[in-house]
Amino acid sequence: MRLSGKYKLSDFRKSFVLSRTFILLIMAIVFSAVLILVWYNFMNRHYHNRAIINELTQKAQVVGRETALYENGTISADAFNHFLRTAPDLLQTGIAMDMNKDVTWSTPRRPSNAKWSPEDLSLLNNHIGAFVDSIQAKQKVIFTTKLGKENNGDTVICVGVPILSITKDDRPEEVLGGIYAFRSMDDYQTSSSPIIISFLASFLLTLSMMAFPAYYYITLIVRPLLQIRDVAKGISDGDLSKRAEINSQAEFGELATSINQMADHLQLNIADLEAESNRLQQILNGLNEGIIAYTAKLHLAHLNPVFREYFSECQNLELGSSINDLPVEDIREAINEAVATGTTQYITISVGELLLFGQLLLLHSADKTFQGVVGLFRDVTKEQQLEQTRRDYVSNVSHELKTPLTAIRCMVEPIIDGLIKDPDRLQRYYHIIYDEVLRMARLIDDMLELSRLQSGKAVIELEPCQLQTLLENLYAKFSSVAKEKQINFALELPNCNLPLAYVNPDRIEQIIYVFLDNASKFTPPGGDIILRAALKDDRIIIVVQDTGKGIAAEDKAHVFERFYKADKSHGSIGTGLGLSIVKEITEKTGEKVWVESELGHGAAFYISVAVYNNQDACPIDKPLSGSGGAANKIGADLSSHTSSDEANNAE
């Protein structure tokens with residue numbers, strides 16, 4: 001289908017090329033006129049100012065010479081005063097005489113100068129005072145200023161020359177003062193305005209005469225472009241049947257021919273390209289990996305959102321950019337290595353907390369021609385973490401089992417060899433073997449308990465529980481342990497009974513006992529352990545606080561991990577699983593557990609449990625972290641039998 005060469009006037013009005021070309025032509029004419037006007041105004045003002053300066057200099061010198069003659073006594077005072085009165089009108093110039101900082105003003109009687117107020121003359125006087133040193137140095141002074149602000153300002157130019165004495169011998173001339181001649185620049189504005197107006201009128205007339213011919217000529221250029229535009233638009237809309245009409249063999253004719261040929265080729269190949277594009281898009285959409293692809297010339301061809309998410313520095317990477325623009329150095333080097341060696345490259349990259357595994361594949365055509373390279377990146381963070389967890393678990397279990405087994409072996413071998421004859425010493429060896437066996441049994445029990453919790457096999461049922469009674473029983477049970485270790489142990493509760501808690505009694509007792517057991521291990525003799533409970537909002541907060549050696553800041557985030565020990569030596573007392581079991585229990589029951597500690601200042605382990613049915617309860621009579629004066633406190637100094645108040649004050 002050939003397009004007609006006829007277009008309506010509205011089509012030309014909508015043409016971008018036509019409107020922009022016409023506007024550009026008008027702007028060029030306007031810019032040329034403005035440039036000529038500015039240049040004329042600048043040059044005219046420049047030469048006009050130079051002429052005024054030369055004129056004012058000559059007039060100032062005339063007045064200065066007359067003043068010097070008067071000072072020399074050559075002319076009389078009456079003649080000099082008459083000269084000063086008539087000189088401004090004869091010279092058409094304002095005169096200011098500065099004799100030892102005594103300034104005398106004389107201005108021509110012109111309407112243009114009548115607007116200069118005493119304030120304006122005072123301003124000129126200040127300028128004159130600023131150039132006294134220059135006049136004394138026999139230098140000419142030139143300056144401009146604005147006067148007559150009530151009339152939008154009047155630019156005044158002033159020229160000052162020194163008054164030199166006239167001597168009859170060879171003595172050097174002396175500076176008697178200064179003569180300043182000044183004149184308004186209104187004369188220049190008055191003389192140049194008619195010329196500027198005439199120029200603008202001529203410009204507007206020329207512009208109006210050239211507008212229509214310029215517009216018509218531009219339409220002749222735009223018409224074939226409109227045809228080519230319509231063909232290209234039809235191709236972009238999927239209509240490959242449109243063809244441009246070729247009426248010229250010039251550049252536009254060649255362009256139309258090329259457009260028609262392109263449409264022919266596109267019509268033949270578009271179906272194959274669409275099918276190939278659909279297949280490729282389906283493949284890419286089905287992948288969860290980050291994908292980056294480069295052409296044979298190593299220009300970026302594709303970058304999917306997953307890759308941009310993995311590597312935030314590639315967010316602004318544009319298609320078509322070179323491989324050198326890729327900000328990830330490891331990937332850039334791996335791609336270059338794959339292209340150089342012709343082999344698939346594998347790479348592992350750490351990005352923040354993610355661990356990515358990448359595979360860089362070379363693409364070849366059917367004739368083995370290199371077409372590009374594709375990189376696929378997969379997140380293997382969880383897989384690596386699971387593998388690391390498995391290795392750590394095996395290593396820790398092996399270490400924890402090896403320690404008691406080594407101790408038992410060291411005790412059994414001397415007994416088997418008959419080296420131990422002393423019954424007391426033999427009995428001590430038996431006790432050590434027994435303790436190590438119990439240690440292995442505790443480790444195995446803890447591991448089984450933790451495994452049941454993590455696998456979900458352990459069922460934890462919640463029920464209403466009188467927490468106050470449970471805490472008092474725990475206090476009674478643990479008091480003997482604290483007394484044996486010479487540790488001050490105290491229980492702090494509110495004035496009234498705590499409300500019922502919705503917990504599993506056995507599990508909450510297990511958690512608190514783990515806290516107390518850890519506190520007793522790391523609190524030295526004479527130290528304090530406080531078991532405290534209070535109500536906060538709709539939760540009961542239980543805390544076990546000690547005055548032991550505390551926990552370093554870098555260790556607090558890991559205390560609830562399996563086999564984690566703050567001293568890193570694996571030689572401390574315990575299996576390293578107690579707090580891990582606590583964490584698992586609280587996650588299963590929906591409770592919260594945390595620790596607050598500073599190295600060298602003890603530690604406080606907290607657990608928050610829910611109140612049963614949100615029942616009303618007594619208010620807190622003191623902050624939970626306070627250190628003295630609980631209303632109902634049961635305490636004893638187990639090493640020196642002090643009272644509960646003394647134990648509380650010791651903390």
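Residues that are within 27 Å of G578 (Cα to Cα) and either open to solvent by 90 Å² or more (accessible area, probe 1.4 Å) or modelled with pLDDT of 75 or more (or both) within the range 396-429 comprise K402, L405, T406, A407, I408, R409, listed in sequence order. Annotation note: of F31, F12, the sole residue that is assigned to a helix (DSSP H, G or I), modelled with pLDDT of 80 or more and aromatic (F, W, Y) is F31. What do you reckon, is I197 under 22 Å from R20 (Cβ atoms) and either modelled with pLDDT of 75 or more or among the hydrophobic types (A, V, I, L, M, F, W, C) (or both)? So I197 does not fit the description; no.
Taken together, K138, K59 contain a single residue that is modelled with pLDDT of 80 or more and open to solvent by 60 Å² or more (accessible area, probe 1.4 Å), which is K138. For the range 226-242, give me each residue that is under 44 Å from the mean Cα position of the chain (by Cα) and of a type in the set (K, R). Of everything in the range 226-242, just one residue is under 44 Å from the mean Cα position of the chain (by Cα) and of a type in the set (K, R), namely K233.
Of the residues in the range 454-468, none is surrounded by 20 or more Cβ atoms within 10 Å (Cβ to Cβ), modelled with pLDDT under 85 and under 23 Å from E584 (Cβ atoms).
Among the criteria (1) open to solvent by less than 90 Å² (accessible area, probe 1.4 Å); (2) closer than 19 Å to Q371 by Cα; (3) at pLDDT 90 or above, the one N324 does not fulfil is (1).
Within the range 286-301, not a single residue is assigned to a helix (DSSP H, G or I), among the polar types (S, T, N, Q) and open to solvent by less than 90 Å² (accessible area, probe 1.4 Å). Scanning the range 553-599 for residues that are open to solvent by 50 Å² or more (accessible area, probe 1.4 Å), touching a Phe, Trp or Tyr at 6+ places or on another chain (Cβ under 6 Å) and modelled with pLDDT of 80 or more yields K583, W594. For T341, the conditions (1) surrounded by 10 or more Cβ atoms within 10 Å (Cβ to Cβ); (2) farther than 21 Å from H302 by Cα; (3) at pLDDT below 90 are fulfilled apart from (3). The single condition among (1) modelled with pLDDT of 75 or more; (2) out of contact with any Ser or Thr (no Cβ under 9 Å at 6 or more places or on another chain) that L220 does not satisfy is (1).
Selection within the range 483-537: residues that are in contact with a Gly (Cβ under 9 Å, 6 or more places away or on another chain) and among the acidic types (D, E). The member of this set that is farthest from V559 (Cα to Cα) is E492.
Within the range 225-243, being out of contact with any strand residue (DSSP E or B) (no Cβ under 8 Å at 6 or more places or on another chain), within 24 Å of R20 (Cβ to Cβ), touching a residue at least 60 places away in the same chain (Cβ under 8 Å) and of a type outside the set (S, T, N, Q) holds for L225, L226, D230. Out of K485, K521, K536, K549, one residue alone is in contact with a Pro (Cβ under 7 Å, 6 or more places away or on another chain), of a type in the set (D, E, K, R) and either modelled with pLDDT under 85 or open to solvent by 30 Å² or more (accessible area, probe 1.4 Å) (or both). It is K485.
The values are calculated or read from the model by the stated rules, or taken from the named source; none is laboratory data. In this text, all values refer to a predicted model and were calculated from it rather than measured experimentally. Glycine also receives a Cβ, built like all others from the backbone with ideal geometry; neighbour counts cover every protein chain displayed. Ligands, DNA and RNA are excluded from the accessible area calculation, which covers all protein heavy atoms including side chains. Shrake-Rupley method; radii C 1.70, N 1.55, O 1.52, S 1.80 Å.
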